[in-house]
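Okay, so here's the structure we're looking at.
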Amino acid sequence: MWPDDRLTRLLGIEHPIIQAPMAGTTTPALVAAIANAGGMGSHGCAALSPETLERDMTEMRAATNGAVNLNFFCHAKPEMSEAAHSDLLAELAPDYQRAGANPPSNMPEVASPRAFGPAELALLLAHPPAVASFHFGLPDPDAIAALKTAGCKILASATTVAEARWLAERGADAIIAQGWEAGGHRGVFLDVENDAQVGLFALLPQIVDAVAVPVIAAGGIADGRGIAAAFALGASGVQIGTAFIDCAEAAQRDWHIAALQEGHDDSTMISSAVSGRPARAHRTPWLTRMKDVTSAPFPLMYHYTRPLQAADPEPHHFALYGQSAALRPAGSARDRFDQLVTDAQKALVPAG
Ligand SMILES: Cc1cc2nc3c(=O)[nH]c(=O)nc-3n(C[C@H](O)[C@H](O)[C@H](O)COP(=O)(O)O)c2cc1C
(Lines give C-alpha, C1' and ligand atoms only; values in the text may rest on other atoms or scores of the structure.)
Protein backbone atom coordinates (compact mmCIF):
# COMPACT_ATOMS: atom_id res chain seq x y z
CA MET A 1 0.00 0.00 0.00
CA TRP A 2 2.89 2.40 0.72
CA PRO A 3 6.14 2.65 -1.29
CA ASP A 4 8.30 2.28 1.82
CA ASP A 5 7.55 0.14 4.89
CA ARG A 6 10.56 0.92 7.07
CA LEU A 7 8.71 3.29 9.37
CA THR A 8 5.51 1.27 9.63
CA ARG A 9 7.56 -1.79 10.62
CA LEU A 10 9.73 0.17 13.07
CA LEU A 11 6.77 1.75 14.86
CA GLY A 12 4.20 -1.00 14.43
CA ILE A 13 1.67 1.23 12.65
CA GLU A 14 -0.50 0.64 9.58
CA HIS A 15 -0.02 4.00 7.85
CA PRO A 16 3.26 5.98 7.86
CA ILE A 17 1.55 9.18 8.95
CA ILE A 18 2.43 10.77 12.29
CA GLN A 19 0.12 13.42 13.71
CA ALA A 20 2.68 15.89 15.00
CA PRO A 21 3.11 16.59 18.69
CA MET A 22 1.94 20.15 19.34
CA ALA A 23 2.40 21.41 22.89
CA GLY A 24 -0.75 23.24 23.96
CA THR A 25 -2.76 21.91 21.01
CA THR A 26 -2.67 18.10 21.14
CA THR A 27 -4.96 16.28 23.57
CA PRO A 28 -5.33 12.65 24.63
CA ALA A 29 -8.50 12.50 22.49
CA LEU A 30 -6.64 13.63 19.35
CA VAL A 31 -3.76 11.24 19.96
CA ALA A 32 -6.14 8.31 20.52
CA ALA A 33 -8.19 9.13 17.41
CA ILE A 34 -5.11 8.98 15.19
CA ALA A 35 -3.66 5.90 16.89
CA ASN A 36 -7.03 4.15 16.48
CA ALA A 37 -7.05 5.11 12.77
CA GLY A 38 -3.76 3.26 12.16
CA GLY A 39 -1.38 6.23 12.32
CA MET A 40 0.82 7.45 15.10
CA GLY A 41 -0.77 9.86 17.55
CA SER A 42 1.66 12.21 19.27
CA HIS A 43 1.15 14.28 22.40
CA GLY A 44 3.21 17.45 22.85
CA CYS A 45 4.05 17.16 26.55
CA ALA A 46 6.48 20.07 26.98
CA ALA A 47 3.89 22.33 28.61
CA LEU A 48 2.51 19.65 30.97
CA SER A 49 3.35 19.35 34.64
CA PRO A 50 4.35 15.81 35.69
CA GLU A 51 0.91 15.44 37.32
CA THR A 52 -0.92 16.38 34.12
CA LEU A 53 1.39 14.20 32.04
CA GLU A 54 0.58 11.22 34.27
CA ARG A 55 -3.16 11.94 33.99
CA ASP A 56 -2.96 12.29 30.19
CA MET A 57 -0.95 9.05 29.90
CA THR A 58 -3.65 7.20 31.85
CA GLU A 59 -6.34 8.73 29.61
CA MET A 60 -4.52 7.70 26.43
CA ARG A 61 -3.97 4.13 27.63
CA ALA A 62 -7.72 3.86 28.31
CA ALA A 63 -8.64 5.27 24.87
CA THR A 64 -6.30 3.34 22.56
CA ASN A 65 -4.15 0.25 22.22
CA GLY A 66 -2.51 1.88 19.19
CA ALA A 67 0.93 3.45 18.91
CA VAL A 68 1.42 6.62 20.94
CA ASN A 69 4.32 9.05 20.84
CA LEU A 70 5.11 11.30 23.80
CA ASN A 71 7.15 14.37 22.87
CA PHE A 72 9.41 16.58 24.96
CA PHE A 73 11.75 19.55 24.63
CA CYS A 74 15.49 19.25 25.38
CA HIS A 75 16.57 22.86 25.73
CA ALA A 76 19.57 23.69 27.93
CA LYS A 77 19.00 25.57 31.19
CA PRO A 78 18.91 29.22 30.13
CA GLU A 79 20.85 31.99 31.79
CA MET A 80 20.29 35.70 31.73
CA SER A 81 22.11 38.66 33.30
CA GLU A 82 20.42 41.40 35.31
CA ALA A 83 21.67 43.90 32.72
CA ALA A 84 19.94 41.99 29.90
CA HIS A 85 16.77 41.87 32.03
CA SER A 86 16.81 45.67 32.52
CA ASP A 87 17.54 46.29 28.82
CA LEU A 88 14.63 44.12 27.76
CA LEU A 89 12.24 45.83 30.18
CA ALA A 90 13.32 49.20 28.77
CA GLU A 91 12.82 48.04 25.20
CA LEU A 92 9.38 46.63 25.95
CA ALA A 93 8.21 49.54 28.15
CA PRO A 94 6.06 51.09 25.37
CA ASP A 95 4.41 47.69 24.73
CA TYR A 96 3.54 47.20 28.41
CA GLN A 97 2.19 50.73 28.56
CA ARG A 98 0.05 50.35 25.44
CA ALA A 99 -1.32 47.01 26.66
CA GLY A 100 -1.97 48.25 30.21
CA ALA A 101 0.25 45.42 31.47
CA ASN A 102 2.47 45.35 34.55
CA PRO A 103 6.08 44.70 33.49
CA PRO A 104 7.63 41.77 35.37
CA SER A 105 9.58 43.12 38.34
CA ASN A 106 11.56 39.96 39.11
CA MET A 107 14.24 38.12 37.16
CA PRO A 108 12.72 35.41 34.94
CA GLU A 109 11.61 32.03 36.18
CA VAL A 110 9.62 30.12 33.61
CA ALA A 111 8.05 26.85 34.68
CA SER A 112 6.59 25.95 31.29
CA PRO A 113 7.58 24.66 28.79
CA ARG A 114 9.75 22.24 30.74
CA ALA A 115 12.91 20.50 29.58
CA PHE A 116 12.77 16.67 29.71
CA GLY A 117 14.06 15.61 33.12
CA PRO A 118 13.96 12.89 35.80
CA ALA A 119 10.22 13.31 36.52
CA GLU A 120 9.30 12.76 32.86
CA LEU A 121 11.76 9.88 32.48
CA ALA A 122 10.30 8.09 35.53
CA LEU A 123 6.76 8.37 34.13
CA LEU A 124 7.83 7.02 30.73
CA LEU A 125 9.72 4.12 32.27
CA ALA A 126 6.70 3.22 34.42
CA HIS A 127 4.44 3.00 31.33
CA PRO A 128 6.64 3.06 28.20
CA PRO A 129 4.94 4.53 25.12
CA ALA A 130 5.73 3.09 21.67
CA VAL A 131 7.76 6.23 20.91
CA ALA A 132 9.47 9.00 22.84
CA SER A 133 10.33 11.95 20.63
CA PHE A 134 12.41 15.04 21.22
CA HIS A 135 12.70 18.61 19.93
CA PHE A 136 15.91 20.73 20.31
CA GLY A 137 18.28 17.76 20.56
CA LEU A 138 18.17 14.69 22.81
CA PRO A 139 18.26 13.99 26.56
CA ASP A 140 21.45 12.57 28.08
CA PRO A 141 22.74 9.16 26.87
CA ASP A 142 21.65 7.36 30.07
CA ALA A 143 18.06 8.50 29.57
CA ILE A 144 18.13 7.38 25.93
CA ALA A 145 19.57 3.99 26.94
CA ALA A 146 16.91 3.54 29.65
CA LEU A 147 14.07 4.42 27.26
CA LYS A 148 15.39 2.00 24.64
CA THR A 149 15.76 -0.79 27.21
CA ALA A 150 12.11 -0.13 28.18
CA GLY A 151 11.13 -0.67 24.53
CA CYS A 152 10.60 2.92 23.32
CA LYS A 153 11.69 3.93 19.86
CA ILE A 154 13.42 7.32 19.79
CA LEU A 155 12.56 10.02 17.23
CA ALA A 156 13.96 13.56 17.03
CA SER A 157 13.78 16.57 14.72
CA ALA A 158 16.63 17.77 12.52
CA THR A 159 16.70 20.97 10.45
CA THR A 160 20.06 20.27 8.76
CA VAL A 161 22.07 17.24 7.61
CA ALA A 162 24.58 17.88 10.44
CA GLU A 163 21.78 17.72 13.04
CA ALA A 164 20.43 14.51 11.47
CA ARG A 165 23.86 12.86 11.69
CA TRP A 166 24.27 14.07 15.30
CA LEU A 167 20.93 12.51 16.28
CA ALA A 168 21.55 9.24 14.43
CA GLU A 169 24.98 8.86 16.06
CA ARG A 170 23.32 9.25 19.49
CA GLY A 171 20.72 6.57 18.98
CA ALA A 172 17.70 8.09 17.21
CA ASP A 173 15.75 5.25 15.56
CA ALA A 174 14.30 7.60 12.92
CA ILE A 175 14.91 11.25 12.06
CA ILE A 176 12.22 13.87 11.49
CA ALA A 177 13.47 16.17 8.72
CA GLN A 178 11.77 19.44 9.64
CA GLY A 179 11.67 21.91 6.77
CA TRP A 180 11.48 25.70 7.03
CA GLU A 181 7.79 25.49 6.05
CA ALA A 182 6.79 23.81 9.31
CA GLY A 183 4.49 25.38 11.86
CA GLY A 184 5.56 25.76 15.46
CA HIS A 185 9.03 25.89 16.96
CA ARG A 186 11.91 24.95 14.75
CA GLY A 187 13.82 21.98 16.10
CA VAL A 188 17.14 23.68 15.25
CA PHE A 189 19.67 22.98 18.01
CA LEU A 190 23.30 22.83 16.80
CA ASP A 191 23.54 26.48 15.71
CA VAL A 192 20.35 28.32 16.59
CA GLU A 193 21.92 31.74 15.96
CA ASN A 194 22.72 30.86 12.33
CA ASP A 195 19.59 28.95 11.40
CA ALA A 196 20.18 27.75 7.83
CA GLN A 197 16.43 27.89 7.01
CA VAL A 198 16.52 24.84 4.73
CA GLY A 199 13.25 24.05 2.93
CA LEU A 200 11.93 20.48 2.94
CA PHE A 201 12.58 19.82 -0.79
CA ALA A 202 16.32 20.37 -0.29
CA LEU A 203 16.58 18.99 3.24
CA LEU A 204 14.76 15.68 2.93
CA PRO A 205 16.75 13.89 0.20
CA GLN A 206 20.04 15.06 1.68
CA ILE A 207 19.15 13.68 5.11
CA VAL A 208 17.95 10.44 3.46
CA ASP A 209 21.38 10.14 1.82
CA ALA A 210 23.24 10.95 5.04
CA VAL A 211 21.72 8.60 7.64
CA ALA A 212 20.94 4.89 7.69
CA VAL A 213 17.75 5.18 9.77
CA PRO A 214 14.30 5.96 8.28
CA VAL A 215 13.53 9.63 7.67
CA ILE A 216 10.17 11.30 8.33
CA ALA A 217 9.27 14.43 6.35
CA ALA A 218 7.74 17.37 8.23
CA GLY A 219 6.83 20.89 7.21
CA GLY A 220 4.14 22.15 4.87
CA ILE A 221 2.58 18.75 4.19
CA ALA A 222 -1.19 19.03 4.49
CA ASP A 223 -2.62 16.95 1.64
CA GLY A 224 -2.09 13.75 -0.33
CA ARG A 225 0.13 15.44 -2.92
CA GLY A 226 2.57 16.53 -0.23
CA ILE A 227 2.68 13.03 1.22
CA ALA A 228 3.37 11.51 -2.22
CA ALA A 229 6.10 14.09 -2.87
CA ALA A 230 7.76 13.21 0.44
CA PHE A 231 7.92 9.54 -0.55
CA ALA A 232 9.34 10.51 -3.96
CA LEU A 233 12.13 12.35 -2.13
CA GLY A 234 13.00 9.28 -0.07
CA ALA A 235 10.91 9.68 3.09
CA SER A 236 9.66 6.61 4.93
CA GLY A 237 6.82 8.58 6.49
CA VAL A 238 5.44 12.06 7.18
CA GLN A 239 4.73 14.11 10.30
CA ILE A 240 1.81 16.52 9.94
CA GLY A 241 0.80 19.19 12.44
CA THR A 242 -1.05 22.17 11.00
CA ALA A 243 -3.67 19.98 9.27
CA PHE A 244 -4.96 18.82 12.69
CA ILE A 245 -4.96 22.10 14.68
CA ASP A 246 -8.63 22.97 14.22
CA CYS A 247 -10.25 19.55 14.46
CA ALA A 248 -12.68 19.10 17.34
CA GLU A 249 -10.37 16.71 19.22
CA ALA A 250 -7.57 19.33 19.44
CA ALA A 251 -7.38 21.94 22.21
CA GLN A 252 -9.63 24.36 20.28
CA ARG A 253 -8.39 27.76 21.32
CA ASP A 254 -10.50 30.44 19.57
CA TRP A 255 -7.63 32.82 18.72
CA HIS A 256 -5.63 29.95 17.24
CA ILE A 257 -8.48 28.70 15.06
CA ALA A 258 -9.34 32.23 13.89
CA ALA A 259 -5.73 32.85 12.82
CA LEU A 260 -5.44 29.46 11.13
CA GLN A 261 -8.60 30.06 9.16
CA GLU A 262 -6.96 33.12 7.61
CA GLY A 263 -3.93 30.96 6.80
CA HIS A 264 -2.40 30.91 3.33
CA ASP A 265 1.06 30.61 1.81
CA ASP A 266 2.44 33.90 3.11
CA SER A 267 0.34 34.55 6.23
CA THR A 268 3.03 33.32 8.64
CA MET A 269 6.48 34.40 9.74
CA ILE A 270 9.33 32.96 11.78
CA SER A 271 9.93 34.82 15.02
CA SER A 272 11.89 34.29 18.24
CA ALA A 273 10.13 37.23 19.84
CA VAL A 274 7.60 35.41 22.00
CA SER A 275 9.50 32.41 23.37
CA GLY A 276 13.18 33.07 22.64
CA ARG A 277 13.45 30.41 19.91
CA PRO A 278 12.44 30.63 16.26
CA ALA A 279 8.89 29.51 15.62
CA ARG A 280 6.51 29.84 12.68
CA ALA A 281 3.32 31.66 13.63
CA HIS A 282 0.57 33.84 12.18
CA ARG A 283 2.07 37.16 11.08
CA THR A 284 0.86 40.06 13.22
CA PRO A 285 1.93 43.72 13.46
CA TRP A 286 3.24 43.04 16.98
CA LEU A 287 5.40 40.07 15.89
CA THR A 288 6.72 42.12 12.97
CA ARG A 289 7.65 44.99 15.27
CA MET A 290 9.29 42.63 17.78
CA LYS A 291 11.88 41.63 15.14
CA ASP A 292 14.02 44.52 16.39
CA VAL A 293 13.91 43.49 20.07
CA THR A 294 16.79 41.43 21.48
CA SER A 295 15.13 38.30 22.76
CA ALA A 296 15.83 36.53 26.06
CA PRO A 297 16.93 32.88 25.81
CA PHE A 298 14.22 30.20 25.44
CA PRO A 299 11.95 29.86 27.34
CA LEU A 300 12.73 32.93 29.48
CA MET A 301 11.30 35.28 26.85
CA TYR A 302 7.82 34.06 27.85
CA HIS A 303 8.41 35.85 31.19
CA TYR A 304 8.33 39.14 29.26
CA THR A 305 5.64 38.36 26.68
CA ARG A 306 3.05 36.56 28.84
CA PRO A 307 2.09 39.77 30.75
CA LEU A 308 1.29 41.39 27.38
CA GLN A 309 -0.79 38.40 26.33
CA ALA A 310 -2.64 38.37 29.65
CA ALA A 311 -3.41 42.11 29.61
CA ASP A 312 -4.33 42.49 25.94
CA PRO A 313 -4.60 39.06 24.24
CA GLU A 314 -5.86 39.92 20.76
CA PRO A 315 -2.83 41.76 19.30
CA HIS A 316 -0.35 39.61 21.25
CA HIS A 317 -1.51 36.12 20.32
CA PHE A 318 1.07 33.58 19.17
CA ALA A 319 -0.80 31.35 16.74
CA LEU A 320 1.61 28.65 15.57
CA TYR A 321 0.90 27.05 12.19
CA GLY A 322 2.74 26.22 8.97
CA GLN A 323 2.82 27.43 5.37
CA SER A 324 0.26 24.93 4.02
CA ALA A 325 -2.68 25.75 6.30
CA ALA A 326 -4.90 26.45 3.29
CA LEU A 327 -4.43 22.88 2.03
CA ARG A 328 -5.65 21.14 5.19
CA PRO A 329 -8.60 18.73 5.10
CA ALA A 330 -11.76 19.33 7.15
CA GLY A 331 -13.79 17.35 9.68
CA SER A 332 -12.87 15.28 12.68
CA ALA A 333 -9.35 14.03 13.35
CA ARG A 334 -10.38 10.65 11.91
CA ASP A 335 -11.94 12.29 8.80
CA ARG A 336 -8.77 14.27 8.17
CA PHE A 337 -6.50 11.29 8.69
CA ASP A 338 -8.59 9.03 6.41
CA GLN A 339 -8.65 11.71 3.72
CA LEU A 340 -4.88 12.12 3.88
CA VAL A 341 -4.47 8.34 3.46
CA THR A 342 -6.94 8.15 0.54
CA ASP A 343 -5.56 11.20 -1.28
CA ALA A 344 -1.97 10.05 -0.79
CA GLN A 345 -2.82 6.66 -2.27
CA LYS A 346 -4.31 8.38 -5.35
CA ALA A 347 -1.32 10.70 -5.69
CA LEU A 348 1.09 7.77 -5.34
CA VAL A 349 -0.46 5.78 -8.23
CA PRO A 350 1.90 6.22 -11.22
CA ALA A 351 0.36 8.19 -14.11
CA GLY A 352 -0.98 6.14 -17.05
C1 LIG B 1 0.87 24.47 16.97
C2 LIG B 1 2.14 23.68 16.81
C3 LIG B 1 2.82 23.26 17.95
C4 LIG B 1 3.96 22.47 17.81
N5 LIG B 1 4.56 21.97 18.93
C6 LIG B 1 5.55 21.04 18.81
C7 LIG B 1 6.03 20.35 19.96
O8 LIG B 1 5.56 20.54 21.08
N9 LIG B 1 7.02 19.43 19.76
C10 LIG B 1 7.54 19.16 18.52
O11 LIG B 1 8.42 18.31 18.40
N12 LIG B 1 7.09 19.81 17.43
C13 LIG B 1 6.11 20.73 17.54
N14 LIG B 1 5.62 21.35 16.42
C15 LIG B 1 6.25 21.08 15.11
C16 LIG B 1 5.73 19.77 14.51
O17 LIG B 1 6.34 18.67 15.15
C18 LIG B 1 6.02 19.64 13.00
O19 LIG B 1 7.38 19.83 12.75
C20 LIG B 1 5.21 20.61 12.17
O21 LIG B 1 3.88 20.68 12.61
C22 LIG B 1 5.23 20.16 10.71
O23 LIG B 1 4.80 21.18 9.86
P24 LIG B 1 3.25 21.49 9.53
O25 LIG B 1 2.72 22.20 10.73
O26 LIG B 1 3.33 22.34 8.32
O27 LIG B 1 2.56 20.16 9.32
C28 LIG B 1 4.48 22.15 16.52
C29 LIG B 1 3.79 22.62 15.39
C30 LIG B 1 2.64 23.36 15.52
C31 LIG B 1 1.91 23.80 14.29
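The values are calculated or read from the model by the stated rules, or taken from the named source; none is laboratory data. Everything quoted here is computed from the prediction, not taken from an experiment. Note that we place each Cβ from the backbone using ideal geometry, even for glycine, and neighbour counts take in every protein chain shown. Please note that ligands, DNA and RNA were not included when accessible areas were found on the heavy atoms of the full protein model with its side chains. Shrake-Rupley method; radii C 1.70, N 1.55, O 1.52, S 1.80 Å.
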> Are there any pairs with C-beta distances below 7 angstrom linking a residue in region 131-156 that is on the phi > 0 side of the Ramachandran plot to a residue that is assigned to a loop (DSSP other than H, G, I, E, B), with the two at least 6 apart or on different chains, and if so which?
Replying inline: F136/C74; F136/H75; F136/G187; F136/F189; G137/C74; G137/F189; G151/P128
>> Being aliphatic (A, V, I, L, M) and out of contact with any helix residue (DSSP H, G or I) (no Cβ under 7 Å at 6 or more places or on another chain) is the filter here; which residues of region 97-114 pass it?
In response: A111
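Within region 172-186, can one find any residue that is surrounded by fewer than 21 Cβ atoms within 10 Å (Cβ to Cβ), aliphatic (A, V, I, L, M) and in the same structural domain as H43 (by TED's automatic domain parsing)?
Checking region 172-186: not a single residue is surrounded by fewer than 21 Cβ atoms within 10 Å (Cβ to Cβ), aliphatic (A, V, I, L, M) and in the same structural domain as H43 (by TED's automatic domain parsing).
With respect to V238, determine if the residue is among the β-branched types (V, I, T), surrounded by 22 or more Cβ atoms within 10 Å (Cβ to Cβ), closer than 27 Å to P205 by Cα and in contact with a helix residue (DSSP H, G or I) (Cβ under 6 Å, 6 or more places away or on another chain).
Values: among the β-branched types (V, I, T): yes; surrounded by 22 or more Cβ atoms within 10 Å (Cβ to Cβ): yes; closer than 27 Å to P205 by Cα: yes; in contact with a helix residue (DSSP H, G or I) (Cβ under 6 Å, 6 or more places away or on another chain): yes.
Here the answer is yes, as V238 does meet what is asked.
Can you tell me which residue within region 151-167, out of those that are open to solvent by 10 Å² or more (accessible area, probe 1.4 Å) and out of contact with any helix residue (DSSP H, G or I) (no Cβ under 8 Å at 6 or more places or on another chain), is farthest from L121 (Cα to Cα)?
Step by step, filter region 151-167, then rank; the result is A162.
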> Name the residues in region 210-249 that are part of a strand (DSSP E or B) and hydrophobic (A, V, I, L, M, F, W, C), would you?
Replying inline: V215, I216, A217, A218, V238, I240
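Would you check which residues across region 104-137 are among the acidic types (D, E) and assigned to a loop (DSSP other than H, G, I, E, B) and list them? Explain how you work it out, then say what you get.
Going residue by residue through region 104-137, those that are among the acidic types (D, E) are 109, 120.
E109 - this is the single residue of region 104-137 that is among the acidic types (D, E) and assigned to a loop (DSSP other than H, G, I, E, B).
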>> Here is a list: A311, A326, A319. Which entry is within 14 Å of the ligand (Cβ to nearest atom), closer than 30 Å to N102 by Cβ and among the aliphatic types (A, V, I, L, M)?
In response: A319
>> Return the residues of region 288-298 that are free of Cβ contacts under 8 Å to residues at least 24 places away in the same chain and open to solvent by less than 20 Å² (accessible area, probe 1.4 Å); say none if nothing qualifies.
In response: M290
>> Being under 30 Å from P297 (Cβ atoms) and either away from the ligand (no atom under 12 Å from the Cβ) or not in a loop (DSSP other than H, G, I, E, B) (or both): is that true of E193 here?
In response: yes
>> Considering only residues that are in contact with a Gly (Cβ under 8 Å, 6 or more places away or on another chain) and over 17 Å from F134 (Cβ atoms), which ones fall in region 8-18?
In response: T8, I13, E14, H15, P16, I17
> Counting only residues that are open to solvent by 70 Å² or more (accessible area, probe 1.4 Å), at pLDDT 95 or above and of a type outside the set (A, V, I, L, M, F, W, C), how many does region 59-81 have?
Replying inline: 3
>> Based on this model, can you work out whether D209 counts as surrounded by fewer than 22 Cβ atoms within 10 Å (Cβ to Cβ) and within 14 Å of the ligand (Cβ to nearest atom)?
In response: no
